[in-house]
Amino acid sequence: MEYWNPRMERIPADELRDLQYKLLKTLVYKLYNFSPFYRRRLKESGVLPDDIHSLKDVSKLPFTQKTDLRDNYPDKIFCVSQSDVARYHVSSGTTGKPTVVGYTEHDLNLWTESLARSLTACGLGRGDTMQVSYGYGLFTGGLGLHYGAERIGASVLPMSTGNTERQVELMRDMKVTAISCTPSYLLHIAETGEKMGINIKDDTDLKTGILGAEPWSERMRDRIEEELGIDAYDIYGTSELSGPMFTECQEKNGAHVWGDQMLIEIIDPASGEVLENEEDGELVVTTLQKEALPLLRYRTGDLTKIYDGVCACGRTHPRMARIKGRTDDMLIIRGINVFPSQVEHVLMSIDNVGNHFQIVVDRKEMLDNMLVMVEVNENAFSDKINDLMLLKDRVGSKLRNVLNISAEVELVEPGTLPRFEGKAKRVVDRRTL
Amino acid sequence: MANYAIKQISIFLENKPGRLAEVAEAMNEAKINILAFSIAEAGDFGVVRMLVNKPDEACKKLHEKGFTVSLTRVLGIKMKDEPGGLYEIAKILGDSDVNIDYAYAYSGTSGAVFILRVSDLELAIEKITEREVELIEDTLFE
């Protein structure tokens, strides 16, 4: 059994809790003294740094929501000045404003350390060649995995997404042993390979898949492992914390969440009450060591549970189950987070379409496809096809600019999309996982 | 003075079974006669264009039924049934720098009629009526 950081990964459980308590107490002191946002928040909730006497006291602390990041756009919630920020990543917010996350050099190191431990736990290391097929750029996936894989001594092939035929060709020619991408994209790569006469199982050296950034199931894992002849591991992360961070180990029994970096809790999303191990609820994360954007009890919106017991691999850190769903209406399309409210925001900015819309998500040739159906505005109806086509293109390109993924647009007759009293159900998700 | 700007009805329709039948049914209910008709399709939607005997009434009826309708002014040109008939018209418009947005034709009781939406209706009427080309008056349909 290989470990990247054996001392930390196998730290006795009580020592880990003690370490977490110390880190938490330091964090709360730091936030109270250096973050105007958290100082206000802590005062409002009536909890002061001196009120934290044990790890359990974390439950007294106030939550942080995604909207807090949006309301403090772009960097008003940061705890360091710009000169200490080494990198920014940007993800989509719930409406017009994106979410900006800054990283100091120390933060980037923590992230890379986390992935180095995780990738090692998946059996990867020097001698492996990893094809990173997550998007590079503002999205955290590409660069995160890139530096993690470099740290463990693997050779990195920074493919990013797209150009699938080239992905297959280089996978074969460079003797790639591991790939990181979304599970659906890996299936698409395999399918494209078949069309080119390249069978991933027989014609490449691929042995390991580090797959995530979208929900998937055990059924899909079985299918990928069997069809491609590889071991497929789930990876978890969320852009507000540090993109992809935690994977399963070779036991494939929950992702190891490095407790010296993140303190996780599962809460009842309705009451906010902390739940026991093995109980399903919303994942709440406190960043114990981050500098640029430390978060106190950040509500991820992801539904999961924490497993009981110690993993056979010897790692003592908490294990988290696969993500079962969301507490909100966020969609994950080709690994990118999409909120229906963003679509609404875009449509409201275009005069010639109505405000009613429907999103239909489907999987075509293994890839997610998003269709946005929107009603044409009766007053703006031109009988020239060209005007309508231009309108459609305009909606499409505006959506692309805001969502960072392309969407198909369909113009429909006014009054034909379903109307809702109360909470609108704007999304039809036909994907089967 | 004769009015050559004919009222055409345009309807935005999703490209799915039964939608056209609903348009036709509405026309039938209102006892409106369809004289010329075309469908322009663009993937998942299309635009139905037609000339009817009572355009205002037809428009009102379709609107009541929830259709997206607009009234557009078009030209109806009587085509000469001889070689060069289309050329003559296209040349007049081209020489006058008038663009044809779209066109369709129907076979009237006294020969073929060419229906056009153009970029400059006034100019097109002026140039065409200078020549020996017969334009249809909008009253013809009523």
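The values are calculated or read from the model by the stated rules, or taken from the named source; none is laboratory data. It should be emphasised that the depicted structure is a prediction, and the values quoted were computed from it without experimental measurement. Methodologically, a virtual Cβ is constructed for each residue, glycine included, from the backbone with ideal geometry; neighbour enumeration extends over all protein chains shown. Just the protein is used for accessible areas: all its heavy atoms, side chains included, with ligands, DNA and RNA removed. Shrake-Rupley method; radii C 1.70, N 1.55, O 1.52, S 1.80 Å.
Take A:Ile264: with every protein chain present and a 1.4 Å probe, its accessible area is about 20 Å².
Could you work out the percent of alpha carbon pairs in the protein assembly as shown separated by over 35 Å, rounded to a whole number? Of all Cα-Cα pairs in the protein assembly as shown, 52 percent lie more than 35 Å apart. In a reduced charge model with +1 at each Lys and Arg Cβ and -1 at each Asp and Glu Cβ, the protein assembly as shown shows a dipole moment near 1300 debye about its Cα centre.
Once you sort the root eigenvalues of the Cα gyration tensor of segment A:4-161 as a ≥ b ≥ c, which label holds: rounded (a/c under 1.5), prolate (a/b larger than b/c) or oblate (the other case)? Note, shape of segment A:4-161 comes out oblate.
The listed residues A:Glu265, A:Glu279 rank as A:Glu279, A:Glu265 when sorted by accessible area, largest first, using a 1.4 Å probe. Once the 1.4 Å probe is applied to the protein heavy atoms, segment B:86-142 comes out at 59 Å² accessible per residue.
Could you compute how fast chain B diffuses translationally, taking Rh as the Kirkwood radius over C-alpha pairs and applying Stokes-Einstein at 37 °C with viscosity 0.692 mPa s? Give it in µm² per second. Write down the numbers at each step before the final one.
Working: Rh = 15.9 Å.
The calculation lands on 206 µm²/s.
Kirkwood hydrodynamic radius computed over segment A:174-232 comes to 11.4 Å, based on all pairs of distinct alpha carbons.
For a paramagnetic label modelled on A:Ser155 (point 7 Å from Cα along Cα→Cβ), amide N atoms under 12 Å away belong, within segment A:120-146, to A:127-131. If both residues of a DSSP beta bridge must be in the protein assembly as shown, then about 75% of such bridges are antiparallel. Per residue of A:378-391, other chain Cβ atoms within 10 Å of the residue Cβ number 5 on average. Annotation: extensible slack from A:Arg39 through A:Asp387 equals 119.9 nm (criterion: 0.36 nm per residue apart, minus Cα-Cα distance).
Enter the buried accessible area of the A/B pair, total of both sides, probe 1.4 Å, in Å² rounded to the nearest 100. Could you put the intermediate results ahead of the total?
On the way: alone 19230 and 8180 Å², together 25750 Å².
Answer for the A-B pair: about 1700 Å² buried.
Each Lys or Arg adds one and each Asp or Glu subtracts one; over the other residues with Cβ under 10 Å from the Cβ of A:Gly229, this totals -3. Ordering A:His53, A:Cys79, A:Leu115 by Cα displacement along the dipole of segment A:23-168 toward the positive end leaves A:His53 in first place; charges were set at the Cβ atoms of Lys, Arg (+1) and Asp, Glu (-1). Would you mind classifying segment A:231-297 by shape? Square roots of the alpha carbon gyration tensor eigenvalues, ordered a ≥ b ≥ c; an a/c under 1.5 is rounded, otherwise it is prolate if a/b is larger than b/c and oblate if not. The shape class here is oblate.
What's the carbon and sulfur percent of chain B's accessible surface, probe 1.4 angstrom, rounded to a whole number?
Details: 3610 of 7400 Å².
Of all accessible area on chain B, carbon and sulfur atoms account for 49 percent.
Rounded to the nearest 0.05, what FRET efficiency do A:Glu408 and B:Ala24 have when you use their Cβ-Cβ distance and R0 = 35 Å? Once rounded, the FRET efficiency stands at 0.70. All Cα-Cα separations within segment B:75-141 were binned at 5 Å from zero, giving a P(r) of 3, 17, 33, 28, 15, 4, 0, each value a whole percent of the pairs. Taking only the Cα atoms of segment A:1-327, the ratio Rg/Rh comes out at 0.97, with Rh defined as the Kirkwood radius. Among the GluC sites (Glu not before Pro) within segment A:389-433, those in coil by DSSP and having at most 13 neighbouring Cβ atoms inside 10 Å are A:Glu421. Per-residue SASA remark: A:Asp234, around 20 Å² accessible (1.4 Å probe; ligands, DNA and RNA not included). Here the Debye sum runs over all C-alpha atoms of segment A:336-429 as equal scatterers in vacuum, and log10 of I(q)/I(0) at q = 0.18 Å⁻¹ comes out as -0.81.
The sum of -39500 (n - 2.57) across all DSSP H runs of n ≥ 4, divided by the residue count of chain A, sets its helix-only mean residue ellipticity at 222 nm to -10000 deg cm²/dmol. Mean partner shielding of peptide B:39-47, defined as the number of other chain Cβ atoms within 10 Å of each residue Cβ, is 5.
Against the criterion of solvent-accessible heavy-atom surface with a 1.4 angstrom probe, A:Ile267, A:Ile332 sort, most first, into A:Ile332, A:Ile267. Using R0 = 56 Å, the C-beta based FRET efficiency linking A:Asp328 and B:Glu134 works out to 0.30.
Would you work out the charge dipole size for segment A:1-327 about its Cα centre, treating the Cβ of every Lys and Arg as +1 and the Cβ of every Asp and Glu as -1, and quote it to the nearest 20 debye?
Values: 39 positive and 49 negative charges, 192 e Å.
That gives segment A:1-327 a dipole magnitude of about 920 debye.
The Kirkwood radius of segment B:31-113, taken over pairs of alpha-carbon atoms, gives through the Stokes-Einstein law at 4 °C and 1.567 mPa s a diffusion coefficient of 87 µm² s⁻¹. Between B:Ala90 and A:Ala86, the simple label model (points 7 Å from Cα in the Cβ direction) yields a spacing of 6.8 nm.
Give me the number: length gained by fully extending A:Val274 to A:Glu169, i.e. 0.36 nm times residue separation minus the C-alpha to C-alpha distance, one decimal in nm. All intermediate terms of the calculation are to be shown ahead of the outcome.
On the way: separation 105, 0.36 × 105 = 37.80 nm, distance 4.88 nm.
Roughly 32.9 nm would be gained on extension.
Could you tell me which residue out of A:Tyr147, A:Gln289, A:Phe63 lies farthest along the dipole of the protein assembly as shown toward its positive end? Charges go on the beta carbon: Lys and Arg +1, Asp and Glu -1, centred on the Cα centre. The one lying farthest along the dipole's positive direction is A:Gln289.
Applying the criteria of a DSSP loop state and at most 14 other Cβ atoms within 10 Å to the trypsin sites (Lys or Arg not before Pro) of segment B:90-142 yields B:Arg131.
Given a 1.4 Å probe and heavy atoms of the protein chains only, how would you sort A:Phe357, A:Phe63, largest accessible area at the top? Could the numbers behind the result be given before it?
Numbers: A:Phe357 5, A:Phe63 45 Å².
Largest accessible area first, the residues go A:Phe63, A:Phe357.
Counting other Cβ atoms within 10 Å of each Cβ, which trypsin sites (Lys or Arg not before Pro) in segment A:154-253 have at most 16 and sit in a DSSP loop? Write down the numbers at each step before the final one.
Numbers: sites: A:Arg166, A:Arg172, A:Lys175, A:Lys195, A:Lys201, A:Lys207, A:Arg219, A:Arg221, A:Arg223, A:Lys252; in loops: A:Lys175, A:Lys207, A:Lys252.
Sites meeting the loop and neighbour criteria: A:Lys175, A:Lys207, A:Lys252.
Sorting the segments A:138-148, A:308-318 by their residues' average number of neighbouring beta-carbon atoms within 10 angstrom, most packed first, yields A:138-148, A:308-318.
Once the partner protein chains are put back, segment B:4-24 shows a loss of at least 50 square angstrom of accessible area, versus the chain by itself, at B:Phe12, B:Glu14 (probe 1.4 Å, ligands and nucleic acids excluded).
Across peptide A:413-419, the average count of Cβ atoms from other chains found within 10 Å of a residue's Cβ is 3. For A:Arg326, the solvent-accessible surface with a 1.4 Å probe is about 60 Å², rounded to the nearest 10.
Using only alpha carbon pairs under 8 Å that are at least six residues apart, calculate the relative contact order of segment B:6-73 and give it in whole percent. Walk me through the intermediate numbers first.
Details: 116 pairs, mean separation 32.3, N = 68.
Relative CO of segment B:6-73 lands at 47 percent.
For A:Val85, the shell of other residues with beta-carbons less than 13 Å away shows a net charge of -3, using +1 for Lys and Arg and -1 for Asp and Glu. When the listed pairs B:Lys16/B:Lys91; A:Lys252/A:Lys425; A:Lys97/A:Lys252; A:Lys392/B:Lys65 are checked against a 29 Å cut-off, the alpha-carbon distance exceeds it for B:Lys16/B:Lys91; A:Lys252/A:Lys425; A:Lys97/A:Lys252.
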